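Working notes, beginning with the structure itself.
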Amino acid sequence: MKAFQVIKAISGALIVMASLNAYAQSSDATAAPAMTAAPSAKATRASNRALQRKVLKALAKAKGLTADNITVRARGGVVTLEGRVSDQGQSDIANQTAQGVAGVTSVTNALQIREQ
């Protein structure tokens, strides 16, 4: 009779442990997709604007570059430089400066050289 009670107690403990383990696994499974969700459109736009401002600030501080006529567009780390500069040297400085900004993955240089 005592053996039967011991087996019942062990069986009950095993069932409780199995259910706790199953509960822990199911809560982990639901947490994983939330962490990999894409950022919202609003957050993406804010990130693009922040990167755009950082590149513009770096261009304004760059020596040997007049950044008054340069427009910067940023989309997911890809930066596009547009506008006019006085010579090829300024275009190269703008390109190198933009590449040096944290968060920039690539730079498309669409700057035009002004005819004098």
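The values are calculated or read from the model by the stated rules, or taken from the named source; none is laboratory data. These numbers were taken from a predicted model, which means no experiment stands behind them. Every residue, glycine among them, receives a Cβ derived from its backbone with ideal geometry; neighbour counts consider all protein chains shown.
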(message) Being part of a helix (DSSP H, G or I) and surrounded by 15 or more Cβ atoms within 10 Å (Cβ to Cβ) is the filter here; which residues of segment 55-71 pass it?
(response) Val55, Leu56, Ala58, Leu59
(request) List every residue pair whose Cβ atoms lie under 9 Å apart, where the two residues are 6 or more positions apart in sequence or sit on different chains, the first residue falls within segment 37-57 and is at pLDDT below 95, and the second residue, located anywhere, is assigned to a helix (DSSP H, G or I). (result) Ala38/Thr44; Pro39/Ser47
(message) Condition first: part of a helix (DSSP H, G or I) and either within 30 Å of Lys42 (Cβ to Cβ) or not hydrophobic (A, V, I, L, M, F, W, C) (or both). Now tell me which residues in segment 72-107 satisfy that.
(response) Gln88, Gly89, Gln90, Ser91, Asp92, Ala94, Asn95, Gln96, Thr97, Ala98, Gln99
